Amino acid sequence: MKKYIVYFSICYAAAMALIAIIVSFFDLSGGTSAACLIAAGFATAMKFAQDQRRPPNSHEKKQLIWGCLFASIVISIIASAMSLLIFFKTSDFFSILGTAPIWIWIIAILLTIFIHYLILSLSFGWFAKRSVRTGFK
């Protein structure tokens, strides 16, 4: 499973970099984390299905979901820290943190993690099965 988690990490980081370039070039705003996660999750699920000629079984699916979820959190934290350091907006960031009670931040983070879990579950479940059925076309 480690091979696929590394593959996911590369796809996720590449998708985040590409989206960051597009967002900055066109001066767009908005969240793109889900789009990056879907792209990386689907690419990894397809890679697994192509290599194994089957979708992941339940044990493999759990390993892939939790491993990729952990990898996405680590990559997102690193990307956020780099962004704060590069753009020197740490004072704005910390002032925003103080505007809402900690329990709201905890709920927001847990909800985000849950949505990411569902996206990865969809990737390694439905999309992997679909990839095998359609013959990787």
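Among residues other than GLY67 whose Cβ falls under 15 Å from its Cβ, what is the net charge (Lys/Arg +1, Asp/Glu -1)? All intermediate terms of the calculation are to be shown ahead of the outcome.
Numbers: positive: LYS2, LYS3, LYS47, LYS61, LYS62; negative: GLU60.
Once all neighbours under 15 Å are counted, the net charge is +4.
Around VAL6, with a cut-off of 15 angstrom between Cβ atoms, what is the net charge of the other residues, counting Lys and Arg +1 and Asp and Glu -1? My count for the surroundings of VAL6 gives +2.
Of the residues THR44, THR112, THR99, which exhibits the maximal mean-square fluctuation in a Gaussian network model of the chain defined by a 10 Å Cα contact cut-off? Answer for the Gaussian network model of the chain: THR99. Net charge in the neighbourhood of LYS129 (other residues with Cβ under 12 Å of its Cβ; Lys, Arg +1, Asp, Glu -1) is +4. The lysine pair count for the chain, using Cα distances under 19 Å and pairs eight or more places apart or on different chains, is 13.
Taking a span of 24 Å or more along the helix axis (Cα atoms) and a mean Kyte-Doolittle hydropathy of at least 1.6 as the rule, the DSSP H helices of the chain that qualify are 2-26, 102-122.
Go ahead and estimate [θ] at 222 nm for the chain from helices alone: -39,500 (n - 2.57) per DSSP H run with n ≥ 4, summed, over the residue count, rounded to 500.
That calculation yields -27500 deg cm²/dmol at 222 nm.
The stretch between ILE38 and ILE115 holds 26.6 nm of extra length on full extension. This uses 0.36 nm per residue minus the Cα-Cα distance. Each Cα pair under 8 Å and six or more residues apart adds its separation to the average, and for the chain the resulting relative contact order is 40 percent. For ARG54, no residue has an amide H sitting under 5 Å from its own, ignoring neighbours fewer than 5 places away on the same chain, with H placed 1.01 Å from N. Largest GNM mean-square fluctuation among ALA49, ALA13, ALA100, using the chain with Cα springs under 10 Å: ALA100.
Take the Cα of ASP51, step 7 Å toward its Cβ, do the same at ILE106, and the gap between the two points is 3.8 nm.
Since every read-out is calculated from the coordinates, none of them should be taken as a lab result. Computed from a predicted model, the values in this text were never measured in an experiment. Cβ atoms come from the backbone with ideal geometry, glycine included; neighbour counts cover every protein chain shown.
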